[in-house]
Amino acid sequence: MEGTSEGDEPFIYRLNDNGTGPNLVVKVCAERGWRMYQGYNGSEEKWNIWWRSSAFPAACYKTLGDWQFMNHIPKGGSICRKDNLSRLLRCMRRIYGTIYDFTPPCYHLPLEYAKLVSECSRLRRDEGVAGSSVVWIFKPVAQSQGRGIFLFRSVCEMSCGTAAVVQRYIERPLLIAGYKFDLRLYVCVPSYRPLTAYLYAEGLARFGTDKYTLSDIHNPYRHLTNSSLNKTGPRFAECKDRIGNGCKWTLKQVRRALIGRWGAAEWLVWQRIRALVTLTLLAQAAGTPPARNCFEFYGFDVLLDDSLKPWLLEVNLSPALGTNCEADIIVKQPMLHELFDLLGLPMKHTGLSQLQGPPNTQVTSSEDESGTSKPVRTGGARRGLRWRRRRTLPVHCVNLQAPTNEKLTDTPGDGTVGRQFKISSDISTDSTDLQSTSSMATQSADNADETWRGGYATVATRRKIMNACSWGNGVRWDRAVGRVGQWVRIYPHLLPNEDQVPMEDARESVAHVSKFIRAAREVSRDSGGDAAIRDSARDSVFEAALRRKLQYGAHFEVWHPPF
Ligand code: ADP
């Protein structure tokens, strides 16, 4: 990395609150030459990256220095609770319509018990016998790994002692050799303001270990695909038809299994998944404050039904990083290394001498509408101003400048650390520039504004957003690279022009996704459907066709798992 020398102290990683955490994180950090934080007993102050399985207390964000990074964004976990996710997506569905039809109908218990009962009776009335056989799935909101989940056909079979969601069960999942599976996709969001999101090309498929059938809804090994559950199943170690032993595949294996049967529709499914991930992130973007040097690393669980429609099941805040089988090792280790590369975190040394303490004033710079800058103290008067402005705009009208023309600022990633500094000629590679970026950002006084309730088109808000997307290590997310290793930028589709402030109107963002999906459908249809070529050459043909349809250049990245 530029500006560091061998004499610098090593990069220090801090793991949870006591130094314990996933072995893979320890392994990858050690491979990068990082040193483990020794200060859990108070003996050391300095650290560079703090990796925590759960969210951070709000105070931690306020004291973040230029060379410190945290793996959560304030309020970045809203989509990770089953009930919140369903509320947010419901709200988006109401505003934007059927494009948000990618989660099964869902009821929150105990609040919506009566609604659930009336829906069950409606189904019985409307659909007769078929309606009474509809299957539902009960999921406690605060649990994971399949705990507390069960399937039922009639509400009388349901005992509810805890806050839960009840979802319509996807009764006809896509099967491979008779086994149900879901997909685990890895997503990195280094900035919500503006939304910048990456999706990893590899991922996992997790299989049930008993063959799927609806005639036995109480056997979890047929219906739940959590690997923590299936590894305790009686047939886990057995060599199962096509699936083999264990319960995991890589996405590459899934592609190869699907491509022969589905032709061009197989390619389309990955584009639909990309859209689903982006739309889900947009659902919480408006309520997430700008946060500098913070990122989220999510695990998205997606189920395909037998018509290849992807359904979002849930989003995980701290996706499992255990490596219990070959597929885990193939996927997770490079993914974590490339995640740190993407974030511009160095190999080996960092220049800890650059580590700056937290700013000690809460003074932030503000500008009046004429552009004159004056210091103001964050406080009551300012809050009043914010409140007055808040009432004038609808909640999702965040800002009005969507990416327009493509600008040739995006250098295709070469997979090496530091490439972010070469993206654009206006982002200099020398340390003077790094310093000026970081001091500018430090002057903003707050790394994450917990009082944030949405963005408005004020100069001060824009400044806050611009500060937050210029990280202390010089990485600029308003100039986010298209691809680093297998991390592919899925949003924004294109970078804004250099003279544009990259703010987004949620409405416009959804429109971009909708246009993208329409174009992907046309590409898949025009390709001749089932007769389309079925090898890896097909991907580049489809990519070129998609770029042409969208009138995007080579800087628009097309995402799909490796073939
Ligand atoms: P957990 O947090 O406990 O993993 P999930 O929502 O991921 O909860 O559900 C666990 C498993 O149950 C999923 O991996 C999937 O196999 C199955 N599942 C969950 N919801 C549905 C649904 N609506 N339809 C079909 N299968 C589902």
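Would you work out the relative contact order for the range 14-108, in percent, from Cα pairs under 8 angstrom that are 6 or more residues apart?
The value is 21 percent.
Give me the accessible area per residue for the range 185-326, probe 1.4 Å, as a whole number in Å².
So the range 185-326 comes to 28 Å² accessible per residue, rounded to a whole number.
Multiplying the sequence separation of residue 213 and residue 171 by 0.36 nm and subtracting their Cα-Cα distance, what value in nm do you get?
My answer for the length gained is 14.2 nm.
Using 1/(1 + (r/R0)^6) with R0 = 41 angstrom and r between the beta carbons of residue 45 and residue 306, what's the FRET efficiency to the nearest 0.05?
0.15
Among 49, 95, 26, pick out the residue whose Cα is farthest towards the positive end of the charge dipole of the range 13-110, where Lys and Arg carry +1 and Asp and Glu carry -1 on C-beta, about the Cα centre.
It is 95.
Name the GluC sites (Glu not before Pro) in the range 201-278 that are in a loop by DSSP and that have at most 13 other C-beta atoms within 10 Å, would you? Intermediate results must be reported in sequence, preceding the final value.
Numbers: sites: 202, 238, 266; in loops: 202, 238.
Answer in residue order: 238.
Note the per residue figure in Å³ for the convex hull of the C-alpha positions in the range 151-270. Present the calculation step by step, with values, prior to reporting the outcome.
Values: hull volume 19.5 nm³, N = 120.
Spelled out: Cα convex hull of the range 151-270, divided by residues, is 162 Å³.
Which far-off residues, 5 or more places away or on another chain, put their amide H under 5 Å from the one on residue 314, with H placed in the peptide plane?
Residues meeting the criterion, in which the H sits 1.01 Å from N, are 301.
For the peptides 111-123, 64-76, 161-173, what is the packing order when you average, over each peptide's residues, the other Cβ atoms within 10 Å and list the highest mean first? It would help to have the intermediate numbers written out before the result.
Working: 111-123: 14.1, 64-76: 23.2, 161-173: 17.2.
Per-residue Cβ counts within 10 Å, averaged per peptide and sorted highest first, yield 64-76, 161-173, 111-123.
Quick one: length gained pulling residue 18 to residue 325 fully straight, 0.36 nm per residue minus the C-alpha distance?
107.8 nm
The values are calculated or read from the model by the stated rules, or taken from the named source; none is laboratory data. Treat the numbers as computed from the prediction; the structure is a model and nothing was measured. Cβ: placed from backbone, ideal geometry, glycine included. Neighbour counts: every protein chain shown. Ligands, DNA and RNA are stripped out before the accessible areas are found, and what is left, the full protein with its side chains, is counted by its heavy atoms. Shrake-Rupley method; radii C 1.70, N 1.55, O 1.52, S 1.80 Å.
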